[in-house]
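Chemist: Sharing a structure, written as structure tokens. Questions coming.
The values are calculated or read from the model by the stated rules, or taken from the named source; none is laboratory data. The structure presented is a predicted model; accordingly, all values stated were derived computationally and were not measured. Reconstructed Cβ throughout: ideal geometry from the backbone, glycine too, with neighbour counts over all protein chains shown.
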Amino acid sequence: MMEKELELPDQGLVRTLKDLFAGAAGGVAQVLLGQPFDIVKVRLQTTQQYSSALDAATKIYKHEGPLAFYKGTLTPLVGIGACVSVQFGAFHYARRALEAQNTEKHGRHELSYAQYYAAGAFAGISNTFLSSPIEHIRIRLQTQPHGVNRLYSGPMDCVKKLSAHEGVFKGVYRGSAVTLLREAQAYGVWFLTFEYLMNADAQRNKIKREEVSTLKVALYGGLAGEALWIASYPFDVVKSKMQSDGFGGGQKYKSMRDCFRQTWRAEGLGGFWRGIGPTLLRAMPVSAGTFATVEMTMRLIS
């Protein structure tokens, strides 16, 4: 009887709304935990003035003050909440569609790990329309000069000026192609890793998935975050370079391929991993907090 109820259209809508709400809660947690690490990562990716993550953090604090670590936070606080909401909503939508397909074809609903990756990649691709401009604006705000020389007074001013250069798609949506590649790979690996660890724990301890402790959910979410960045970091470096690049005569990279080529020639393989240290340091608590918040929210509202 319960299975029949879950298949009704209104039940599907309610389930999707719950997924979206839980994802939004996870997104807020993600931004508040990760923003200080993120600004250090972006500075290391886009400039050569810092020798290490510690050097970057020290100089940002010394020259710009503690609030500088939350530069550009308003955009991701609203935007990343929406992005994570879409990620989880799209992932669970794709997961349920694949489960229905498996049931119809094989009489079993369980997903293969290739299907978990595909559902995660679908979530990343679905998210790109939101994440590309949100991250572009955040990067512009994070990398602009400090004080009276700053270029943008806030997110809306940044959108207005980016649009004035080359229009919405070439201005605000610059770097969307590489963002699409990063999102598909990153979230395919993210959800795959988390689902594998959760399923393995449930099988090993002979319990239901929802009985896995919150502490373990956080641990597995943190490990999934490490896997996400290791799998997708070179794409993220290229994205940051393109989205902090100049316009017109000051534009250094003409395309994603050109950015890959120039980075390889100028910095070698290491150029694609610049800033990976603070990124991995950030990934564990941020991803742990995201998954723990989403899981706890889902358990509360289910």
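Chemist: Look through region 49-74, keep the residues that are charged (D, E, K, R) and either at pLDDT below 85 or surrounded by 13 or more Cβ atoms within 10 Å (Cβ to Cβ) (or both), and return whichever of them is nearest to the chain's Cα centre (by Cα). Spell out the reasoning first.
Modeler: From region 49-74, those charged (D, E, K, R) are 55, 59, 62, 64, 71; that's our starting set.
From what's left, either at pLDDT below 85 or surrounded by 13 or more Cβ atoms within 10 Å (Cβ to Cβ) (or both): 55, 59, 64, 71.
Details: Asp55: 25, Lys59: 26, Glu64: 26, Lys71: 18 Å.
Checking each candidate, the answer is Lys71.
Chemist: Additional query: So, in region 132-164, exactly how many residues are β-branched (Val, Ile, Thr), under 22 Å from the mean Cα position of the chain (by Cα) and under 22 Å from Phe69 (Cβ atoms)?
Modeler: Number of matching residues: 4.
Yes/no per residue for (1) free of Cβ contacts under 8 Å to residues at least 12 places away in the same chain; (2) of a type in the set (Gly, Ala, Ser); (3) surrounded by 22 or more Cβ atoms within 10 Å (Cβ to Cβ); (4) touching a Cys at 6+ places or on another chain (Cβ under 7 Å):
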| site | (1), (2), (3), (4) |
| --- | --- |
| Ser131 | no, yes, yes, yes |
| Ile137 | no, no, yes, yes |
| Thr143 | no, no, no, no |
| Val148 | yes, no, no, no |
| Leu151 | yes, no, no, no |
| Met156 | yes, no, no, no |
| Ala177 | no, yes, no, no |
| Tyr187 | no, no, yes, no |
| Ala200 | yes, yes, no, no |
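Chemist: If Tyr253 meets every condition in (1) surrounded by 18 or more Cβ atoms within 10 Å (Cβ to Cβ); (2) part of a helix (DSSP H, G or I) apart from one, which number is that one?
Modeler: Every condition holds for Tyr253 apart from (2).
Chemist: Looking at Phe291, Phe272, Phe235 in this structure, which one is free of Cβ contacts under 8 Å to residues at least 40 places away in the same chain and either surrounded by 15 or more Cβ atoms within 10 Å (Cβ to Cβ) or within 13 Å of the chain's Cα centre (by Cα) (or both)? Show your work before the answer.
Modeler: Working: Phe291 fails: free of Cβ contacts under 8 Å to residues at least 40 places away in the same chain; Phe235 fails: free of Cβ contacts under 8 Å to residues at least 40 places away in the same chain.
So the residue among Phe291, Phe272, Phe235 that is free of Cβ contacts under 8 Å to residues at least 40 places away in the same chain and either surrounded by 15 or more Cβ atoms within 10 Å (Cβ to Cβ) or within 13 Å of the chain's Cα centre (by Cα) (or both) is Phe272.
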